[in-house]
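Below: one structure, written as structure tokens.
The values are calculated or read from the model by the stated rules, or taken from the named source; none is laboratory data. In this text the structure is predicted, and so the values were computed from the model without any measurement. So basically every Cβ, Gly included, is an ideal-geometry build from the backbone, and we count neighbours across all protein chains shown.
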């Protein structure tokens, strides 16, 4: 089966994939690289809750990158290279996990992004396949979507924070829970970054 590196976007999305992979005796580590998550307060909150999920299963979490890239997102410079912000977001994260897996002795990688029915599943798989070829490591495709609700229930049971937007500043602005989310930022770090 080999050793797999599982990119994780957040604690709640990790719950079902981790439960499944642990039950099947996979040899795995989790990987955090999510510079798309904004603002910094939210980035830190999601990272902390992913650590709680990993601790729950006794899985090692490898964290790369400690800051969000909000300025880059707001500048929209990425549109010169990518067709959309989502494509860019998938690309930079899958590039990072595939490169790390290749350089650190993992046989394959996967991502918890594949658990969400709200993500562009086919695009994630397509980009992951390209990164696997680029770095000479396998992409272990798994469709975790059937367990999405189960994973959310598991996250609730252990008290994980469950976010109400995808991650970037634009998805925050588009969320129907936007006002409630802003109120949750205890340090007021978004006071000058609203896009309206």
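Key figures for this structure:
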read-out	value
Breaking point among (1) at pLDDT below 90; (2) surrounded by fewer than 19 Cβ atoms within 10 Å (Cβ to Cβ), for residue 52	(1)
Elements of type helices (runs of 4 or more DSSP H) in the range 23-136, at least 3 residues being in contact with a strand residue (DSSP E or B) (Cβ under 8 Å, 6 or more places away or on another chain)	40-57, 85-103, 121-135
Flag for residue 31 being at pLDDT 95 or above, more than 22 Å from residue 117 (Cβ to Cβ) and surrounded by 24 or more Cβ atoms within 10 Å (Cβ to Cβ)	yes
Any hit, the range 162-172, residues being within 15 Å of the chain's Cα centre (by Cα) and under 18 Å from residue 19 (Cα atoms)	yes
Qualifying residue in the range 174-194 (condition: at pLDDT 85 or above, farther than 24 Å from residue 54 by Cα and crowded, with 18+ Cβ neighbours inside 10 Å)	no
Residues of the range 42-100 satisfying the condition of being touching a helix residue (DSSP H, G or I) at 6+ places or on another chain (Cβ under 6 Å) and without any contact (Cβ under 8 Å) to a residue 12 or more places away in the chain	78, 82, 88
Residues that are free of Cβ contacts under 8 Å to residues at least 40 places away in the same chain, touching a strand residue (DSSP E or B) at 6+ places or on another chain (Cβ under 8 Å) and outside any loop (DSSP other than H, G, I, E, B), drawn from the range 139-161	none
First in the range 9-29 and closer than 14 Å to residue 156 by Cα, second anywhere and part of a strand (DSSP E or B), Cβ under 9 Å, 6 or more apart	14/6; 14/30
Any hit, the range 81-90, residues being under 14 Å from the mean Cα position of the chain (by Cα), under 20 Å from residue 136 (Cα atoms) and modelled with pLDDT of 95 or more	yes
